[in-house]
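All remarks here apply to the structure that follows.
The values are calculated or read from the model by the stated rules, or taken from the named source; none is laboratory data. Please read these numbers as outputs of a predicted model, since none were measured by experiment. Cβ coordinates were reconstructed from backbone atoms using ideal geometry, including for glycine residues, and neighbour counts include every protein chain displayed. Accessible surface areas use protein heavy atoms only, side chains included; no ligands, DNA or RNA. Shrake-Rupley method; radii C 1.70, N 1.55, O 1.52, S 1.80 Å.
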Amino acid sequence: VLGVDEEGRQEILGFYINPSESASSWEFILKDLYDRGIREVLLFIADGLSGLSERIKKYFPLADFQSCTVHAMRNVITRVRASDKEEVGKDLRNIFNAIDRKQAESMLDEFTVKWKDKYPSAVTNLNRNRDYLFTYYNYPESIRKSIRSTNIIERMNKEFRRRIKIIDSLPTEESARKIIYLRVIELNNKMRAMHGFRECKDEIEDLFRSRYP
């Protein structure tokens, strides 16, 4: 779990080991964050796991939710034929790079009409998360690319996996946990502010004041 504070500084707030990802496992994490004192959150960004947005509202009712656009694109592209992957990918990138939410919504409608007959399952799954695909347009333009995906989390997870590739030689799960914990400390000491945050800091402060007076 990576947080961004009111100064734009990024910080790993916690890491959790679960046998599988589910809404119930995420509820444990959300409760842990809440119990540790986190209250005023503007936005959560995560993949489009079913039921997750509802669990977030249980603990953070005023927070927005953004479904990761990279996950959304990947879930569509993996369901299409190789011959169509490039065209579908280009169409999706154009949607998420639209100048505003109205244009993005319109382009998604066009995408749906264009591909629904050939790939009904992929198109249906994409539209199922439609309400949470374009939340980033409600935030300042300078940080939109940073808040529309969980790329930074994915990069960290890959690094953690590399670190514990020797898992078979570790005696317990706790040993792996200690390796990750030490790396988390190192990363937090090196963390920088979110890209583009400085340009919109005043706008973010206004959002906080209006939502959490």
Okay, helices (runs of 4 or more DSSP H) sitting entirely in segment 11-79 with 3 or more residues that are of a type outside the set (F, W, Y), modelled with pLDDT under 95 and farther than 15 Å from I147 by Cβ, I get 23-35, 52-59
Being assigned to a loop (DSSP other than H, G, I, E, B) and either touching a His at 6+ places or on another chain (Cβ under 8 Å) or surrounded by 18 or more Cβ atoms within 10 Å (Cβ to Cβ) (or both) is the requirement here; does V88 meet it?
no
Is segment 24-36 home to any residue that is in contact with a helix residue (DSSP H, G or I) (Cβ under 6 Å, 6 or more places away or on another chain), open to solvent by less than 50 Å² (accessible area, probe 1.4 Å) and charged (D, E, K, R)?
yes
Qualifying residue in segment 108-121 (condition: within 19 Å of the chain's Cα centre (by Cα), among the aliphatic types (A, V, I, L, M) and either open to solvent by less than 10 Å² (accessible area, probe 1.4 Å) or modelled with pLDDT under 95 (or both))
no
Looking only at segment 1-10, count every residue that is within 15 Å of the chain's Cα centre (by Cα) and open to solvent by 50 Å² or more (accessible area, probe 1.4 Å) and tell me the total.
1
S175 vs. criteria in a helix (DSSP H, G or I), under 30 Å from P19 (Cα atoms), open to solvent by less than 50 Å² (accessible area, probe 1.4 Å) and in contact with a His (Cβ under 6 Å, 6 or more places away or on another chain):
no
Of the residues E159, E141, only one is closer than 23 Å to D47 by Cα and either open to solvent by 100 Å² or more (accessible area, probe 1.4 Å) or of a type in the set (A, V, I, L, M, F, W, C) (or both); which?
E141
Kindly establish whether R101 is open to solvent by 100 Å² or more (accessible area, probe 1.4 Å) and either modelled with pLDDT of 95 or more or in contact with a helix residue (DSSP H, G or I) (Cβ under 8 Å, 6 or more places away or on another chain) (or both).
no
Quick count over segment 92-127, residues being touching a residue at least 12 places away in the same chain (Cβ under 8 Å) and in a helix (DSSP H, G or I), is 20
